[in-house]
Amino acid sequence: MGGFAAILASTCCLGPLVLVLLGFSGAWIGSLTRLEPYRPWFLLFTLMALALAARPIFRPARECGPSEVCSSSLTRRIQQVIFVAVFLLALLAFVFPYLARFFY
C-alpha cells in the first residue's frame, strides 16, 4: 500500500516530466488552466484537511496512564511547528495567483 501511495504522490511531478520529454515546453505546460474553474473546491478541500489535521495536533494533551504510550511535550511542539510551517506554505499557495499579477 505504501508503494502505491508513493507512486500516486509522484504523479504530480512525473506528468510534467513526460510532457517535457515529449517536446512540450515549460511555458506551454504553465498555461494549462483546465482545472482553474475547480480552484475554489480544491481550496475548500485543503482547508478542511488542514482543519482535521490541526484538531489532534493543537488539542490539549490528556493525562498519560502508567501503561500507556504518550508523546512527549517536545514531540508535540515539533508537530505544532511543522504544522504551522505547512499551513503558511499552503496560505502562500492560496494567495500567490492573486498577488502574482502585481509582480509581472
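The values are calculated or read from the model by the stated rules, or taken from the named source; none is laboratory data. Owing to the predicted nature of the structure, the values given are computational and were not obtained by experimental measurement. The protein model used for the area step is the full one, side chains on, heavy atoms only, and it has no ligands, DNA or RNA in it. Shrake-Rupley method; radii C 1.70, N 1.55, O 1.52, S 1.80 Å.
For the chain, the solvent-accessible area works out to 88 Å² per residue, with a probe of 1.4 Å and every protein chain left in place. Give me the Kirkwood hydrodynamic radius of segment 27-66, using the inverse of the mean 1/r over all pairs of distinct Cα atoms, in Å to one decimal. By the Kirkwood definition, the hydrodynamic radius is 13.4 Å. Its Cα gyration tensor gives segment 23-104 an equivalent ellipsoid; the semi-axes, largest first and in whole Å, are 39, 13, 13. Here the accessible area of the chain is 73 percent carbon and sulfur, with a 1.4 angstrom probe and all protein chains present.
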